[in-house]
Amino acid sequence: MRTRAPLALVVVLALAAGCSGGGGPTAPTAAGSSSAAPTSASPTPTPTPAVVVAGADAALTAAVAKVYAGRTGVQATATLGTWMKEKVAVVTSGEDVTLAVGPRWRVVGGWWPSLGKGTDLGRFPRFMLVMGSDARGGSLKGSRTDSLQIIGLDGRGGAGIVGIPRDLYVPLSTGGTSKINAAFAYGGGPAEARTIENLSGIDLQGYVVTGFDGFGSIVNESGGLSLVVEKAFTFLNLLKVKQGRQVADGGTALAYARERHAFPNGDFDRSRHQQEILIAGGVAARLAGPAGLPKEMSIVSKYAQTDVDAETALTFLAAFYRIDPAKVQHTVVPGAIGTSGDGQSIVKVTPTTRAVFTAFKDARL
């Protein structure tokens with residue numbers, strides 16, 4: 001994307017051009033003199049900056065300039081945001097993308113075709129746990145997770161999403177055996193993440209969780225979400241959701257993520273719909289381009305809890321721009337429907353449950 005040079009730089013260039021020699025009348029010289037007598041000292045031209053980053057402060061510009069060391073005339077644009085009170089920036093110059101975190105700005109990744117450099121987004125495969133809790137209001141404490149999704153990226157253009165039924169009956173990291181979503185109620189995000197790592201054998205980089213209200217606000221502040229709803233239904237006898245393609249607001253997207261009674265496979269269909277929402281979000285982000293990432297991270301930060309730092313979040317999310325969302329494979333781990341010793345309806349872990357996790361260790365399905 002072309003950017004206009006800052007006004008000050010335009011003025012500097014104009015002055016430099018005006019100071020070039022030739023064309024005008026010269027002062028008369030004294031008889032016998034071989035050169036004109038100087039009338040005043042010539043102004044020293046201001047050098048043109050090698051890298052100009054619109055929207056960046058001096059520290060961020062300096063960090064980006066190191067990437068382009070030896071280049072001149074680089075024009076770039078920075079978009080800024082926050083992730084859990086940490087500053088993040090995406091700097092674009094043509095097809096180049098530079099990722100940085102602040103406030104003492106440092107480059108943490110990106111891709112630079114103009115320099116002949118490949119993509120640098122950390123080690124792969126990488127996995128993140130995304131959760132939706134049944135909390136209403138601002139506090140998530142003591143709530144359970146209705147949505148459990150592991151997102152995997154293989155670093156070679158491939159990705160996958162594995163959903164976990166909330167009623168899967170497993171040993172909890174906090175002790176005892178119960179439905180897997182109880183781990184969050186007993187020990188929050190860290191306990192849920194450890195429970196899933198123990199079950200799956202997959203090393204998670206961290207988790208992000210939001211409640212009902214937070215999820216709806218994220219969708220609304222992002223301008224809605226393009227979804228294809230497979231079947232019309234009425235959520236909680238209140239909200240009618242139509243079938244087909246639509247731009248869903250926060251309430252409609254939340255209803256589609258939560259509804260299970262209207263679909264034949266209950267919680268398994270619900271988990272699949274949650275994956276469709278995640279993919280729709282990835283498509284929307286890809287259409288907006290990497291420059292929109294700081295804004296979206298800032299929105300999520302207001303309504304989510306996480307143990308993921310800014311560098312990890314920024315490079316993980318930026319990796320989605322290196323894949324085709326249409327090729328992201330997704331599934332929900334299977335299990336056997338049963339009853340616990342205290343009479344609860346549960347989903348039992350089976351060899352086919354574990355087989356999905358084993359296949360997913362390379363972040364592909």
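Do we have any residue at all in the stretch 271-280 that's buried (at least 16 other Cβ atoms within 10 Å of the Cβ) and part of a strand (DSSP E or B)?
The answer is no, given that none of the residues of the stretch 271-280 is buried (at least 16 other Cβ atoms within 10 Å of the Cβ) and part of a strand (DSSP E or B).
Write out, first by first residue and then by second, each pair whose Cβ atoms fall under 7 Å of each other, whose residues are 6+ apart or on separate chains, and whose first residue, in the stretch 317-333, is over 19 Å from TYR207 (Cα atoms) and touching a residue at least 24 places away in the same chain (Cβ under 8 Å) while the second is of a type in the set (Gly, Ala, Ser) and part of a loop (DSSP other than H, G, I, E, B).
Pairs found: ARG322/GLY157; ILE323/GLY157; ILE323/GLY158.
Restricting the first residue to the stretch 110-138 and requiring it to be in the same structural domain as TYR68 (by the TED database) and farther than 26 Å from GLN274 by Cα, which pairs with a second residue that is in a loop (DSSP other than H, G, I, E, B) and of a type in the set (Phe, Trp, Tyr) meet a Cβ separation below 9 Å and a spacing of at least six or different chains?
TRP112/TYR68; SER114/TYR68; LEU115/TYR68
One line per residue, one yes/no per condition, for (1) among the β-branched types (Val, Ile, Thr); (2) on the phi > 0 side of the Ramachandran plot; (3) assigned to a strand (DSSP E or B):
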position	(1), (2), (3)
MET297	no, no, no
GLN305	no, no, yes
THR312	yes, no, no
GLY341	no, no, no
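Restricting attention to the stretch 149-204, report how many residues are in a loop (DSSP other than H, G, I, E, B) and not β-branched (Val, Ile, Thr).
Count: 16.
Let me confirm something: among GLY132, GLY157, GLY176, GLY223, which residue is closer than 19 Å to ILE299 by Cβ and surrounded by fewer than 19 Cβ atoms within 10 Å (Cβ to Cβ)?
Step by step, each of GLY132, GLY157, GLY176, GLY223 is checked, and only GLY223 is closer than 19 Å to ILE299 by Cβ and surrounded by fewer than 19 Cβ atoms within 10 Å (Cβ to Cβ).
Since ASP342 meets every condition but one in (1) closer than 20 Å to ILE196 by Cα; (2) more than 17 Å from the chain's Cα centre (by Cα); (3) acidic (Asp, Glu), which condition does it not meet?
Condition (1) is where ASP342 drops out.
Restricting to the stretch 326-357, what's the tally of residues that are open to solvent by less than 50 Å² (accessible area, probe 1.4 Å), in contact with a Pro (Cβ under 8 Å, 6 or more places away or on another chain) and under 24 Å from ASP154 (Cβ atoms)?
So the answer is 4.
Could you please find all residues in the stretch 179-220 being of a type in the set (Asp, Glu), at pLDDT 95 or above and open to solvent by 40 Å² or more (accessible area, probe 1.4 Å)?
Within the stretch 179-220, GLU197, ASP203 qualify.
Let me spell it out: the conditions are (1) at pLDDT below 50; (2) in a helix (DSSP H, G or I), and PRO38 meets all of them except one. Which number is the exception?
(2)
Going residue by residue through the stretch 329-349, is there one that turns out to be within 29 Å of GLU86 (Cβ to Cβ) and modelled with pLDDT of 90 or more?
Within the stretch 329-349, none of the residues are within 29 Å of GLU86 (Cβ to Cβ) and modelled with pLDDT of 90 or more.
The values are calculated or read from the model by the stated rules, or taken from the named source; none is laboratory data. Small disclaimer: the values here were computed from a predicted structure and weren't measured. Every residue, glycine among them, receives a Cβ derived from its backbone with ideal geometry; neighbour counts consider all protein chains shown. Surface accessibility is based on the protein's heavy atoms, side chains included, excluding ligands, DNA and RNA. Shrake-Rupley method; radii C 1.70, N 1.55, O 1.52, S 1.80 Å.
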